[in-house]
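The values are calculated or read from the model by the stated rules, or taken from the named source; none is laboratory data. In this text, all values refer to a predicted model and were calculated from it rather than measured experimentally. Here the Cβ positions follow ideal geometry from the backbone for every residue, glycine too, while neighbour counts run over all protein chains shown. All accessible areas refer to the heavy atoms of the entire protein, side chains included, with ligands and DNA or RNA removed. Shrake-Rupley method; radii C 1.70, N 1.55, O 1.52, S 1.80 Å.
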Amino acid sequence: MREEKPMKKSQQATPQDETVSANRRQVLLGGIGLAAGTALAPGQAFAKSTEEEAGQGQVAEAPIAGKTVKQRVPFHGEHQAGIVTPRPANGIVASFNVIADDPEDLEALFRELTARIAFLTQGGEVPELNPKLPPADSGILGPVIEPDKLTVTVSLGASLFDKRPWLRELKPKQLIRMAEFPNDALDSEICHGDLALQLCANLQDTCIHALRDIMKNMPEYLVLHWMQEGNVPVVQASAGGEHGTARNFLGFHDGSANPNSTDAKEMDRIVWVTEDNGEPDWAMGGSYQAVRIIRNFVERWDRTPLGEQELIFGRKKDSGAPLDGGKTEFAVPDYAKDPDGKKTPLDSHIRLANPRTAKSQKNLILRRPFNYSNGFTKSGQLDQGLLFIVYQADLMEGFLAVQSRLNGEPLEEYIKPIGGGYFFVLPGARDRDDYLGRTLIEAIRSEPSQQAAEGL
Amino acid sequence: MHAWKALSVAALAFAIGVGSANAKQEDITLELVEPLADYKIYVAENTKQLVKDTTAFVAAIKDGDVEKAKSLFGPTRTSYEKIEPIAELFSDLDVSIDARADDYEKAEQDPDFTGFHKIEYVLWEKDTTDGLDEIADKLLADVTDLDKRINDLTFPPEKVVGGAAVLMEEVAATKISGEEDRYSHTDLWDFDANFAGSKKIFILVKPLIVEDDPEFVAKVEENFGDVDETLAKYKTDDGFVSYEELTDEDRTVLSARVNTLAEDLSTLRGKLGLD
């Protein structure tokens, strides 16, 4: 079966070509015969469209943005944006150490951060200052900031609470410092942090602009600890509207079995902290965020037979369909009919991650990852991987349970988690009078010990 | 070499007056004459001290006294670090006095790598003074030359006022990581000197802005105060502990204060109407 699959695929792509057995013979004889026989001549199929779209013009003219620069994600709401918001092409996670000695500092930090994010995500003109002063804005997006679907999502790490006696009691119940799983090789320089920002936008420059703006305006509160940029490949819109998930750097669709992020009820159950979660009152409407920087050994992966790659994931590489049938990545595998893993191996990635049993329903999580490319290693290999980001109302039942099931999976040979952290996403700022973190600040003020300290 | 470097001190007030675009700026440049003159004295005192300290440092190296040379390394550099924005105006000397190994393609092994950090490398990594005589002589000649050239220099006001922020940029970019004095870990000496040099400039021009902008002045002073408080924890009888002893928490605090000071002090030139 493993050998048959790639042959069938090539036959489908060029039905006029040689038979399966002829192809097999070519592979055996010449190795490259298969590729040469089936590939299109360079530009053959796409020549017309690329020439029309590439157009004419000066080399230094700026590339033209699409209408998407006008896309604006509302900032105010019960929940923060950037979680159930459809993922744009680019993202950054930046983790900071926080300077806040008392609740007043922390409130000032939250208010300032809220003001920056409200401006950056909604867009507008950059203020003009006296030219003898440094400009108010980096200027990299010009004098008018387009929203470009920017979201900036603020979350807090366990260390923010642990280091401050006046915050300790209010820490979300499951918020812990990320611990090492067996396959991890965590680098402390790219792990943890007091406060994380997830910045997402259509264009990476929009994310970079927002990050620089926040760092320039808030140096007294935020010191950058680590950051990771990422993006996902964009695809052409399909006629039916549903164009599927993006591919990761292993070439597989990623996020196929995500819960329905447009279903508010399902999101309340899976993503948002509600009264059912037993968390502190201030945390209602928030969410646990697990971030993992997972290096992919892409050279080694690309030298792995396609059939084996598919068995490791449990999906077809081209369509994303499950191995037990179906045409698309959205087909649902029926593991009950395959109890011994003859079609979808029991240790395949998707089957371990989501066994689709009644019991595993409570382990559902909302994945929102980006791919990253960080240049290369000392060995001359590409330093690429997945900036894995996942949201859930219950960290133990969510990411921690799923990752525990994945420990020892065959995919581990090709991946190495090296950084990231766990954070708690603040509830949203409801309107212009509200600010991110208000409920936490109010909870600090109503703590008996705090009232005593302030002489209330 | 820039034209202003040829101007004499006596021509200072005249020279900066001519450069002004309007009456208001002329006022401010006239007001700056006294702080600039004071600053020039401060710089002269420091370069004089630098020559004196370097002479002793070089003598220890040539005596083959590794321990003494090591003990003099941190303190000798401080008078250079205090006036770095002015010293850096002579880029040839700055390179030969203070360049770091990563300024060279072959790093420590590069034949052009010289000055304080080359000596630091040999003292700490090789634990010897062997082979340093020539480099030590060159260092002394360079700081002596610097002393002379700075005394002949007319200080451009925007360089002096801008220097307060430049010193913070230095700390933010290369000092906070501990990469400046990577062999000796005497970074806290440099830190302290950079802050002292920045604060000196701020204090000299403070009377010119305190009335218009008391909040700004208070914020900058508070941040300098926090830095002093943090550094004080690491002081010893004769200087500072190793940079490796700085806790992550204090490093974060210093980072935040340095970045905030760099942001705030970057507006100092503009607040004084300088270009």
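Things worth noting here:
- Span-like helix check, chain A: no full DSSP H segment qualifies, none having both a Cα axial length of 24 Å or more and a mean Kyte-Doolittle of 1.6 or more.
- At q = 0.12, 0.13 Å⁻¹, base-10 log of I(q)/I(0) for chain B (Debye sum, equal scatterers on each alpha carbon): -0.77, -0.89
- For the range A:363-428, convex hull of alpha carbons as volume per residue, Å³: 112 Å³
- Take the convex hull of the alpha carbons in the range A:217-291; its mean projected area over all directions comes to 8.9 nm².
- Working note: Cα gyration tensor of the range A:135-203, eigenvalues times five, square-rooted, sorted largest first, giving semi-axes of 32, 18, 12 Å.
- Over chain A - Rg/Rh using Cα atoms and the Kirkwood inverse-distance radius: 1.01
- Shielded residues, the range A:111-136 - accessible-area loss of 10 Å² or more between chain alone and all protein chains, probe 1.4 Å: A:K132, A:L133, A:P134
- Interatomic Cα distance distribution for the range A:241-385, bins of 10 angstrom, percent: 10, 33, 33, 19, 5, 0
- The Rg/Rh ratio for the range A:108-233, using Cα coordinates for both the radius of gyration and the Kirkwood hydrodynamic radius, is 1.02.
- Neighbour cut-off at most 16 other Cβ (10 Å), DSSP loop, trypsin sites (Lys or Arg not before Pro), the range B:178-219: none
- Averaged over the residues of A:213-225, the number of partner chain Cβ atoms lying within 10 Å of the residue Cβ comes to 4.
- In the range B:243-257, burial by the other protein chains removes 10 Å² or more of accessible area from B:E249, B:T252, B:V253, B:S255, B:A256, B:R257, compared with the chain on its own (1.4 Å probe, ligands and nucleic acids ignored).
- For B:D27 and A:A65, a Förster radius of 60 Å and the Cβ-Cβ distance give a FRET efficiency of 0.80, rounded to the nearest 0.05.
- Distance between the pseudo-spin-label points of B:A232 and A:V332 (7 Å out from Cα toward the beta carbon): 6.8 nm.
- For the range B:142-275, the Rg and Dmax computed from alpha carbons only, in angstrom: 15.8, 45
- Packing rank of A:84-94, A:107-117, where each peptide gets the mean count of other beta carbons within 10 Å, highest leading: A:84-94, A:107-117
- Unit Cα scatterers, Debye sum, the range A:347-392: log10 I(q)/I(0) for q = 0.19 Å⁻¹: -0.74
- Per-pair calculated FRET efficiency, R0 = 35 Å: A:D101 and A:D268 via Cβ, rounded to 0.05: 0.45
- Accessible area per residue in Å² at 1.4 Å probe, computed on the protein assembly as shown: 48 Å²
- Sites A:S404 and B:D248, calculated FRET efficiency, Cβ-Cβ separation with R0 45 Å, nearest 0.05: 0.90
- Cα-based helix-to-principal-axis angle, B:248-265 vs chain B, degrees rounded to 10: 40 degrees
- Pair A:A185, B:D133: separation of 7 Å Cα→Cβ label points (nm): 4.8 nm
- Compactness of the range A:274-323 - radius of gyration and Dmax, Cα, Å: 19.2, 51
- Pair A:E169, B:A56: separation of 7 Å Cα→Cβ label points (nm): 5.6 nm
- In a fully extended conformation the segment linking A:R430 and A:K416 would gain 1.1 nm over its present Cα-Cα distance, using 0.36 nm per residue.
- Computed over chain B with a Gaussian network model linking Cα atoms closer than 10 Å, the most mobile of B:V160, B:V253, B:V227 is B:V253.
- The B-A contact accounts for roughly 1200 square angstrom of buried accessible surface, both chains included, probe 1.4 angstrom.
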